[in-house]
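Have a look at the structure below before the remarks.
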Amino acid sequence: MKRYTSGVKTTSVMIAPRAADSQEADHEVIGRVLAGDRNAFGMLIRRYSDPLYRHALGMTGSPDVAEDILQASFIKAYQHLAEVHGRFDAWIFRIVANGCKDWLKNIRRTHLSYEEDDQPSAFATPEEDLDRTELRSDLDRALAQLAPSLREAFVMKHVEGRSYEEMADLLGTTVGALKMRVHRAREALQVLLEEKYA
Amino acid sequence: MLDNLDPRERRSEDTPKTRETSAARPLSDREVPLAGDTRTATLNEWLDGEVPESEARAHGNTRDVEFWLRIEKEVEVRREMKTPVHVYRQIMEALPENAPAALPWYKKQVTVNPMVAMAATAGAVAVGMAIGAALTKGR
């Protein structure tokens, strides 16, 4: 199907590029770790940490919390590595996603923002940069008001740029249900933000 | 003469002959979706990359398109975010020194291929026959 340039960019089907021929496949790396090569686990961290970090950041809105969830998830994955039967990327994604949901359940959130963000700005002028800071905070606040399932769907689709098929695969639900969640999240965000930005 | 079953034909003459709005008619009667629904649907299709931006704008969504382009600019920055460098080191330092524990036998996945299934069935049948034979002898 032809894809048009739109507000959303979709990536390939997997979390990260799959192990190419030149790369060691995940199950081979896992075999080395289980045989006692602790450092080989670093390869899996490097391979999958970026999309997982973006997911945790999108879900929690806090770089500190996202780092904590990522660290706890990888340690848990290391301890239970022998239990991986299918795809490692889908397995570690579920650990991180559950970590985010647990955090959302347990924390009464106050205002959170990307205070420690040192990412380069995509805006040309200081005025645009100022606008962006404001938009960023407002978007965070609006996202925080969405139900976790809607926020998760929006973050996966827009922030992580995943296809609906990949989302369905990772979350174990249908493409139709996810489309509905994303549409509802967009609608809610637009209601929350359009007075100021539309 | 055949009965006229169309309820609209039985209106009295003094009933104002106003056209029913699309919204008032049952959903099954609508040949064209409501304008608002089409707008939202087209906007979502554009955001999903299924139709070009021009089509989204053509359905009266210009304001919405501008809004989402602005949001997209912010979201794009987030999409490029990388894990802070120190996180990798922190995770590696926090990993237990020992290798991950091997899976206990009762948690191990059992792969059943046709040969294994046939052997298991044959075994079960043999055991069953032996028990049957023992019971018959006992009588």
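All of the numbers you see were taken from the coordinates with simple rules; none came from a lab. Since we're looking at a predicted model, the values are computed, not measured. In this analysis, Cβ positions are derived from the backbone assuming ideal geometry, glycine residues included, and neighbour counts consider all displayed protein chains.
For segment A:54-65, what does the Karplus curve 6.51 cos²θ - 1.76 cosθ + 1.60, with θ = phi - 60°, yield as ³J(HN,Hα) per residue in whole Hz, taken in order and with x for Gly and Pro?
Karplus-based 3J(HN,Hα) across segment A:54-65 equals 4, 5, 5, 5, x, 6, 9, x, 10, x, 4, 5 Hz.
On the principal axes of its Cα set, how long, how wide and how thick is segment A:19-116? Give whole Å, largest value first.
For segment A:19-116, the Cα spread along each principal axis is 44, 24, 20 Å.
Within 10 Å of each Cβ of A:143-152, how many other protein chain Cβ atoms are there on average?
If you average over the peptide's residues, the count of other-chain Cβ atoms is 0.
Nearest 20 debye, what's the magnitude of the dipole of segment A:19-116 about its Cα centre given +1 on Lys and Arg Cβ and -1 on Asp and Glu Cβ? Walk me through the numbers on the way to the answer.
Values: 12 positive and 14 negative charges, 82 e Å.
For segment A:19-116, the charge dipole is close to 400 debye.
Could you list, in their original order, any pairs among A:Lys179/B:Lys82; A:Lys105/A:Lys196; A:Lys196/B:Lys82; A:Lys101/A:Lys157; A:Lys76/B:Lys73 whose Cα atoms are separated by more than 25 Å?
Numbers: A:Lys179/B:Lys82 27 Å; A:Lys105/A:Lys196 29 Å; A:Lys196/B:Lys82 29 Å; A:Lys101/A:Lys157 17 Å; A:Lys76/B:Lys73 35 Å.
Pairs exceeding the cut-off: A:Lys179/B:Lys82; A:Lys105/A:Lys196; A:Lys196/B:Lys82; A:Lys76/B:Lys73.
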